[in-house]
1. Just give me the residues in segment 1-39 being of a type outside the set (Lys, Arg) and free of Cβ contacts under 8 Å to residues at least 12 places away in the same chain, in sequence order.
2. Tell me which of these Pro238 doesn't satisfy, since it passes every other one: (1) over 22 Å from Phe84 (Cα atoms); (2) of a type outside the set (Gly, Ala, Ser); (3) more than 11 Å from the ligand (Cβ to nearest atom); (4) over 14 Å from the mean Cα position of the chain (by Cα).
3. Just for segment 133-174: of the residues that are free of Cβ contacts under 8 Å to residues at least 40 places away in the same chain and part of a strand (DSSP E or B), which one is farthest from the chain's Cα centre (by Cα)?
4. Suppose the filter is more than 16 Å from the ligand (Cβ to nearest atom), without any contact (Cβ under 8 Å) to a residue 60 or more places away in the chain, surrounded by fewer than 15 Cβ atoms within 10 Å (Cβ to Cβ) and closer than 23 Å to Arg58 by Cβ; does Arg124 pass it?
5. Identify the residue in segment 339-355 that is surrounded by fewer than 23 Cβ atoms within 10 Å (Cβ to Cβ) and of a type in the set (Gly, Ala, Ser) and, among all such residues, is nearest to the ligand (Cβ to nearest atom).
6. Kindly list the number of the only condition in (1) in a strand (DSSP E or B); (2) closer than 30 Å to Pro228 by Cβ; (3) without any contact (Cβ under 8 Å) to a residue 40 or more places away in the chain that fails for Leu130.
7. Tell me, which residue of segment 61-112 that is charged (D, E, K, R) and under 27 Å from Ser203 (Cα atoms) is surrounded by the fewest Cβ atoms within 10 Å (Cβ to Cβ)?
8. Determine which member of the set Gly282, Gly278, Gly227, Gly288 is of a type outside the set (A, V, I, L, M), within 16 Å of the ligand (Cβ to nearest atom) and surrounded by 14 or more Cβ atoms within 10 Å (Cβ to Cβ).
Amino acid sequence: MAHPAAARLTIDLDALARNYALLARTAVGAETAAVVKSDGYGLGASEVARRLWAEGCRSFFTARLAGGEAVRRALGPDRPAVIFLLDGLAPGHWERLSAARLTPVLCTFPQVEAACALAAAQGRPLAVALHVDTGMNRQGLAPEEAELLANSRERLAWLDIGLLISHLGSADEPDDARNARQLAAFRKVRAQFPEARASLANSSGIFLGPDYHFDMVRPGVSLYGGGPEARPDPRLSPVAILEAPVLDIRRVDAGEPVGYGSRRRVEGATRAAILGAGYADGVIRAAGHGGRAFLGGRLRPLLAVTMDLTIVDLGDAPAETGGMAELLGPNVTLDDLASAAGTVAHEVLVRLSRRAERVYLG
Ligand SMILES: *Cc1c(COP(=O)(O)O)cnc(C)c1O
């Protein structure tokens, strides 16, 4: 049983499955992989990967080596998924990578060289993926480096490049001209690696349309309920539901300050609900201005987020001490909370802490 004073994080795996099905339908014709980096966007990569496997997902992307190893352990020998490592082949990682049967996504030229050297030492080609930067300027070989590799028979002989990926920088803004520029650049690179399957779209890229789907799509945040255009999307179900107990309801006189510092004051007299969750549970402190909680059947403004407690302007909403308030879920959506906190849904999710009691549904 939950301790009555503890925040509760419900992770709805049935909602995850519905989101996966929606993304797969939208990208029909392409394989729908799942990005489970950073412990499945904070929701538990093991639980997420096992459920998505049951839904038909066969390819997973993680960032760090330990994350990839954890997903392999969670899936076990009976679920032989392909697990890609976006960090690629870092020095000293090969033994662990190979023991966990992870596929490195090579993302720098030195990594390409290292992979070739390893393959030569083993006397057989290495199964890899290749990340090419088409305009995000973050990760991946420059197009010139990719071309150099495409023209290097000697290197290609040691690499079994099963997948070519690139990542979109502005897919959540469908009208941004960078999308079409990256698409054109990706097509050019793809023509140089005709044997490899191709993957360009993250969550929001899927909704840019079939031109962006290629052979595989790689959604992350929309699996977990984040809208592709950084605003709530009714097609997606909330997966993470954070609730906190109402510990106390107190009167606050007009003009009184609330919480730390004296700048935040209530205008008229009101009632403040004190919730048993704070930034230590993952409620981003910046959401104290502009964020909302759902309690007593209403959405009410947050007044302050402190480490363990959140103060809500309850007004005359009929909430009671001992009840639960929603800080994230079907009423307080991921994207609304993110925009109130001045961040993205991805960050709201990965900040959900292990302190809140976790309950998995489905
Ligand atoms: C994180 C990531 C994704 C998933 O992005 P979302 O916006 O969460 O869908 C896909 N591809 C790469 C390379 C990534 O780093």
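Nothing in this text is a laboratory measurement; each read-out follows from the coordinates by a stated rule. What you are looking at is a predicted structure, and each value in this text was computed from that prediction instead of being measured. Heads up, the Cβs are rebuilt from the backbone with ideal geometry, glycines too, and the neighbour counts pull from every protein chain shown.
1. Met1, Val28
2. The number of the failed condition is (4).
3. Only one residue fits best here, namely Asp160.
4. no
5. Looking at the filtered set, the residue picked out is Ser339.
6. Every condition holds for Leu130 apart from (3).
7. Arg73
8. Result of the check over Gly282, Gly278, Gly227, Gly288: Gly227.
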